[in-house]
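Below: one structure, written as structure tokens.
Taken together, the values in this text are just the output of simple stated rules run on the coordinates, not laboratory data. Keep in mind that this is a model prediction, so the values were computed, not measured. Here Cβ is always computed from backbone atoms with ideal geometry, including for glycine, and neighbour counts include all displayed protein chains.
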Amino acid sequence: MTADEFDPASVPRFPVFTLVINEGEHLVELDGLAIKPALGEQPRDAGIAAVVQKIKAHRLQAVRVRARSGIDDEFWDLVVTDQGNTYDVTPNVSDQTSSFKRRKYFAIIAGAAALTLTAAGTAFIALNATKPAEPVAWTTPGVNAQIPVALPPGFATTATWSLPVKKGSSTSVLDTGHIISTDQAGNLVARDPQNGQPKWTGNNAPNNMTAVEQTTWAGIPAITAESEGDFKIWDLRTPAGGGISTAHSIPVTNDQHVETDGPTPFINRGDWVVSVPADNFSVRDIVIPAGTLPVMAGLNGDVTVIGRNAIHTVATDGSVAKTLSFAPPKGTSGQPTLSWVLDENHVIIGWAGTKPVLAIVEITTGKITASVSARNLARENTLILSDPHSKTAVLDNFVITYGKSPAIKTLESFTATSIHNGVAYGETSEGPASINLQTLKAPTRWVTYTADDPAPDLVTDDAAYIVAPMLDQTVLYRAERTK
């Protein structure tokens with residue numbers, strides 16, 4: 001579709017990103033998280049680029065963005081596409097005072113953002129016209145600290161930064177690149193990957209950091225985590241006036257399954273009832289067809305379910321809006337029993353029985369792209385590690401590739417902790433190692449300091465992160481790539 005053919009009105013009203021730009025102070029925030037403009041880059045261009053990156057990370061074509069000045073309630077509504085085209089969809093304002101404020105606080109974006117103008121001939125974004133309070137200077141902690149465990153070749157042996165975290169904390173990365181972990185006070189903290197500076201904080205962090213996921217909750221950017229007896233949600237936007245985002249809790253029982261890997265979370269309550277996100281961090285229940293397994297919830301509130309021989313899209317009112325024919329793999333019987341999300345188009349489905357089966361299902365077409373017989377199925381609460389860039393994943397002792405050559409293969413004697421660009425890092429019986437998930441050649445070990453050295457908790461384009469004990473503390477280290 002060309003820019004001329006694109007209709008901004010066709011973009012769903014959820015999700016809505018929040019963009020705050022301060023040209024004078026060279027500051028940008030996207031959904032409450034600071035974006036650092038590159039040297040010589042204008043904040044407005046950095047803001048649009050960050051929106052485009054997030055659109056692509058969510059595999060969307062366009063989203064709605066509320067841009068604001070950051071000093072009052074003045075705003076501008078935009079639609080931004082994955083190509084960086086921007087459309088002004090702000091409702092008309094006739095009030096003279098509002099018009100004056102709009103002229104004062106909002107400016108035309110031009111140049112590198114390559115914007116598409118509206119019929120009125122203008123595209124706008126919020127700019128802060130007044131100087132905010134001077135921020136407190138941040139001192140990068142733990143620079144050049146020795147990392148007490150050996151990392152794979154290609155990473156530094158001393159830290160770019162390091163800081164104490166709560167014992168038992170792990171770490172993960174948000175779509176924006178911010179690094180998230182638990183601080184010593186038990187708060188969930190998103191940090192600037194370059195210097196460790198906190199950019200967002202949420203209270204009451206879960207004990208199991210591997211369960212933390214970035215998502216969208218009824219149009220609001222959020223972080224979620226399942227813990228004992230409840231499901232926690234944090235608003236990822238910085239609270240008004242700053243401060244800590246408060247965790248919202250939704251009770252769940254041990255026999256109810258929470259799925260957070262899709263476009264938006266859902267809770268399988270049992271008895272053919274699914275809870276999906278609603279306003280004010282609540283849920284609403286949808287009754288799905290009996291005999292089906294819920295596998296994914298959409299941003300528009302619908303739920304995709306799979307039965308014995310059909311895939312249904314269930315609307316918010318419980319009606320079946322769409323049905324696709326579906327032929328289960330040979331050797332299976334009855335309805336599927338387990339599912340894991342790979343991306344918005346692909347899920348892993350498991351059938352129990354005397355000969356369990358796992359299959360990759362393309363839910364938009366009903367096609368099975370790969371299947372395999374399994375000795376045992378993974379437990380329902382087993383977390384899947386997925387790398388959307390290489391379209392590879394690890395589920396228990398299986399490697400899943402769901403790109404051009406879909407396959408499900410057995411992964412023997414390897415426990416993955418992180419995947420980056422199709423390479424998994426993890427543990428073997430002989431120590432930490434890495435393995436190429438495309439070729440599945442023998443794991444590559446590296447020289448360690450001790451037999452207990454672990455694999456990295458997280459690997460990104462430019463660094464590895466590891467949490468390790470240091471005397472009476474637990475410390476998170478960032479190790480820069482050296483090649």
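Annotations for the structure displayed:
- Q184 long-range amide H proximity, modeled H, under 5 Å: K166
- Seen through its C-alpha gyration tensor, with square-root eigenvalues sorted a ≥ b ≥ c, the chain comes out oblate because a/c lies at 1.5 or above while a/b is not bigger than b/c.
- Inter-probe distance in nm under a simple model that places probes 7 Å from Cα toward Cβ, at L383 and E5: 4.2 nm
- Table column - 3J(HN,Hα) (Hz), the range 222-235, Karplus curve with 6.51, -1.76, 1.60, x for Gly and Pro: 8, 10, 10, 7, 8, 9, 4, x, 7, 10, 9, 10, 10, 5
- Toward the positive end of the charge dipole of the chain, with +1 on the Cβ of Lys and Arg and -1 on the Cβ of Asp and Glu, the farthest Cα among V423, T224, P406 is that of P406.
- Only DSSP H runs of four or more residues enter the estimate; each adds -39500 (n - 2.57), and after division by the residues of the chain the mean residue ellipticity at 222 nm equals -1500 deg cm²/dmol.
- Annotation: amide H of A145 within the under-5 Å range of A159, sequence separation 5 or more or interchain, hydrogens built in the peptide plane.
- Among 191-202, 312-323, the peptide with the highest mean count of other Cβ atoms within 10 Å heads the list, and the full ranking is 191-202, 312-323.
- Sorted on the mean count of surrounding Cβ atoms within 10 Å across their residues, most packed first, peptides 287-296, 437-446, 179-188, 42-51 read 42-51, 179-188, 287-296, 437-446.
- Net dipole in debye of the chain [+1 Lys, Arg Cβ; -1 Asp, Glu Cβ; about Cα centre; nearest 20]: 700 debye
- Note on the range 405-429 and the range 233-262: Cα centroid distance 29 Å, given to the nearest whole angstrom.
- Mean separation of Cα contacts under 8 Å (6+ apart) over length of the chain, as relative contact order %: 10 percent
- Remark: C-alpha extents of the range 359-480 on the principal axes read 53, 30, 28 Å, sorted largest to smallest.
- Cross-link pairs K56/K322; K199/K409; K232/K330; K199/K483; K232/K409 - those with Cα-Cα distance over 32 Å: K199/K409; K232/K330; K232/K409
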